[in-house]
Amino acid sequence: MNTKASNVGVHANKMILLLLIEFYPGGLYPFLNMDQLELIDQSILLNELDRVLTQNIEMELIKAEDIDSLVKGLDKVFLTRLMDTYTDNRITEIRKHILIRNGNVSTQELSSEFYYSERHIRRLFMQYIGTTPKMFARIVRMNYAMRLMQNNPSDLTDVTVIAGFFDQLHFIHDFKSICGISPMDYIKDMSVFYNDEYKMWSMI
């Protein structure tokens, strides 16, 4: 889970081969079965976290004759691992609710909606996603604003209002805080890789 901007190119340029596997928020927990708070905003070699999973992925890379066979092999590796783990369905439902609301929901509202205390919701998020529900909602809202910017990059005022920010000043401040650049720099300089819809979701 990243709460800050991460420049993939910095790592990619040092690699001979780079395999990217992206997970939805909370999606990594079932494969590692460890509190995601321990991984927040960190870059850690998979081999340091799970040697067996790393070896299984490496075997599929060696055996694969083409991209299709690699994808099928990796699917098998991860699906096999899922059989041995458990994820609390409550966090899945709360996460979906935040996504549906585009991040415009408070922890207090979540508590009322799902009949859990704010403290318990926070504990679930720290365990399964690695950050607080407030921070998660903030990032989701920013991802929503980024998608709006792609559709209408010339009007930040509309983006600010539709995404639910108090004013444009707050929007720009949050954008810089989360993305590391200004909204205008994002529109002007961000590559196709980062502008892809699925890459934007992977930021959360």
**Message:** Using alpha carbons only, how many angstrom separate the centre of the range 28-84 from the centre of the range 134-166?
**Reply:** 32
**Prompt:** In the range 68-151, if every C-alpha pair distance is counted and binned at 10 Å from zero, what percent goes to each bin?
**Reply:** 16, 38, 25, 20, 2
**Prompt:** Which chymotrypsin sites (Phe, Trp or Tyr not before Pro) in the range 32-123 pass both tests, a DSSP loop state and at most 14 other beta-carbon atoms within 10 Å?
**Reply:** Y86, Y115
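Bear in mind these aren't lab numbers, they're just calculated from the coordinates by the rules spelled out. For clarity, every value in this text was computed on a predicted model and none was experimentally measured. Because the Cβ atoms are built from the backbone with ideal geometry, glycine has one as well, and the counts that use them run over all protein chains shown.
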